[in-house]
Amino acid sequence: MNDRKYWLTLALVLDGIGLRGRRKPCVAKPQEQERHAANSVILLNAAFMRLISAISGKVTVKVIHVSSLCAVEPFKSWGLYCTGKAGRDMLFRVLAAEYPDIRVLNYAPGPLDTNMQVEGRTLTRDEELRKLMSSMKEEGKLVPCDASAKKLLQIIQKDEFKSGEHIDFFEV
C-alpha cells in the first residue's frame, strides 16, 4: 500500500441504532435487547476500523453516530433508551480519543417526525412526556428529516467540530 493511488477520498460510517417499542420503566428486563444493541455498535465500529486501517491518514475518515437529546437529558420511562444513547455517545468519544486521525461526531438530529415519535406519543408510559411529544406534533415543532439531514451535511462539510463532540440540531 506504499504508493498506490486511492479513488476513495472519504470513508464515512453512520450509526443510528436505537431501541424502539414500548418505553417501559427502568425496572423492565430488557437484557437481551440492550445487549444486542450495544454489541452491534461495537461490532460495526470494529469492522469499520479494520476496513479503513490500511488507508487511515490517506483519506478523510468520519464516523457519525446519530445520537439523541436522550443521551444528555433524562426522559421519564425511557431509561433504557437514554442509557443506551449516553453509553454510545461515550463509546464514540473514546473512539475519537483512541484514533485522533479520525473525525467522530455524535449528532442529535432533533425531534424528528418519524414512526419512533408516533410511538413516543402513543406508547410512552409517562403521561407528561406523552403530552409533551403530542403537543410538539400538534404545534408543528417536529423537525423534518430532510432538514436535519441537511444540517448534518453542513456540519460535516464545515468540519469545525471537536472530534467526539455531541452536537444537537438546535445548537447549530
For this session: Could you list, in their original order, any pairs among LYS58/LYS150; LYS62/LYS141; LYS76/LYS131; LYS85/LYS137 whose Cα atoms are separated by more than 19 Å?
Result: LYS58/LYS150; LYS62/LYS141; LYS85/LYS137
Seminar exercise, completed: Along the dipole axis of the stretch 45-152 (charges at Cβ: +1 for Lys and Arg, -1 for Asp and Glu; origin at the Cα centre), the most positive-end residue among SER77, SER67, GLY120 is SER67
For this session: Could you work out how far apart the two model spin labels at SER53 and ALA149 are, taking each label as a point 7 Å from the Cα in the direction of the beta carbon, and quote it in nm?
Result: 3.3 nm
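Looking at the stretch 37-150, what % of the alpha carbon pairs are farther apart than 22 Å?
Numbers: 2807 of 6441 pairs.
That tail contains 44 percent of the Cα-Cα pairs.
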For this session: Could you tell me the distance between the Cα centroids of the stretch 43-64 and the stretch 136-172, to the nearest Å?
Result: 23 Å
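The numbers here are math on the coordinates, done by the rules we state, and not lab data. Source: prediction; values computed, not measured. Reconstructed Cβ throughout: ideal geometry from the backbone, glycine too, with neighbour counts over all protein chains shown.
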